[in-house]
Structure formats: structure tokens, C-alpha cells
1. Could you give every pair whose Cβ atoms fall below 9 Å, whose first residue belongs to segment 77-98 and is within 24 Å of residue 12 (Cα to Cα), and whose second residue is open to solvent by 70 Å² or more (accessible area, probe 1.4 Å) and near the ligand (Cβ under 9 Å from one of its atoms), counting only separations of at least 6 or pairs across chains?
2. Could you list all residues from segment 20-41 that are open to solvent by 80 Å² or more (accessible area, probe 1.4 Å) and either in a loop (DSSP other than H, G, I, E, B) or in contact (Cβ under 8 Å) with a residue 40 or more places away in the chain (or both)?
3. Among the numbered criteria (1) open to solvent by 30 Å² or more (accessible area, probe 1.4 Å); (2) more than 16 Å from residue 96 (Cβ to Cβ), which single criterion is violated by residue 9?
4. Within segment 51-83, track down each residue that is near the ligand (Cβ under 9 Å from one of its atoms), open to solvent by less than 40 Å² (accessible area, probe 1.4 Å), more than 14 Å from residue 21 (Cβ to Cβ) and part of a helix (DSSP H, G or I).
Amino acid sequence: MTPYEAIGGEHGLRSLVTRFYQLMDELPEAAACRAIHPADLGESAQKLFEYLSGWLGGPPLFVEKRGPPMLRRRHLHVAIATPEIDGWLLCFTRVLAP
Ligand code: HEM
């Protein structure tokens, strides 16, 4: 079984990513991280969904649609320091262990 299947396939991953960005929107501790994202988080959620799909052993949607991940390069346009990193990790940790 792939990690993708273990978290419930497309439906499970979609729920996880949706909840992740809901938390980023809601948690005061994630405000710095939220502030560097677009006003509408829909496209960010779609991109993370596509990326994690392939990374977890499911369909490689991100690579098919957008090319090589090059995640470091894709983050260079935003200023990411400790508060932004802590917020991101807090949201992801909460999603995995509510
Ligand atoms: C260290 C904390 C992180 C912060 C603060 C952060 C922040 C951001 C921001 C502000 C964007 C641009 C929003 C957008 O394109 O809609 C972005 C894009 C993205 N992030 Fe992160 N990110 C972090 C970690 C990660 C990690 C660990 C992953 C992968 C598991 C990831 C995957 C992505 C992807 C796939 C995109 C879309 C890239 C593109 O096509 O432009 N990020 N991130």
C-alpha cells in the first residue's frame, strides 16, 4: 500500500489539504504564514494537493501540469523566516494529529 492509499487516496488527501489551509486562515499563530499567501487560498491548496499526490505515491499531478517541482526555487519570491516556518509546521502538525 502506498502512503497515498493509506491516507485515503484523492478524497483523503483533498480533505487534509483543505483542513491545512483552513487552519492557516484561522490560527493566530499562523498569521505570519497566512500573510505571505494570496488572499484566495484556493490555488495554493490545489498546488499542494497536486504536489503531495505524487510525493505520496499517487498520481504525479504537479509534475504533469507544472513541470519539475523545484520547490526551493518556487518559494524564492516569498520571505520565509522562523515565524512563517513555525506557522506552516503548526498547521501541518495539527492536520496530522488533531
Ligand atoms: C517552510 C514553510 C513553508 C512556507 C512558509 C510556505 C509558503 C508558501 C507560499 C507563500 C507559497 C506561494 C503561494 C502559492 O503559490 O499559492 C508556497 C507555494 C508552494 N508550496 Fe510552500 N511553504 C512552506 C513549505 C512547503 C512544503 C514543506 C511544501 C511541500 C510539502 C510546500 C509546497 C508548496 C507548493 C507545491 C507550492 C506551489 C509552488 C508553485 O507552483 O508556485 N511548501 N509556499
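The values are calculated or read from the model by the stated rules, or taken from the named source; none is laboratory data. Quantities reported herein were computed from a predicted structural model and do not represent experimental measurements. FYI the Cβ positions are ideal-geometry reconstructions off the backbone, even for glycines, and counts take in every protein chain you see. Please note that ligands, DNA and RNA were not included when accessible areas were found on the heavy atoms of the full protein model with its side chains. Shrake-Rupley method; radii C 1.70, N 1.55, O 1.52, S 1.80 Å.
1. Close Cβ pairs satisfying both conditions: 88/80.
2. 29, 39, 40, listed by residue number.
3. (1)
4. Once the filter is applied, which keeps residues that are near the ligand (Cβ under 9 Å from one of its atoms), open to solvent by less than 40 Å² (accessible area, probe 1.4 Å), more than 14 Å from residue 21 (Cβ to Cβ) and part of a helix (DSSP H, G or I), segment 51-83 yields only 62.
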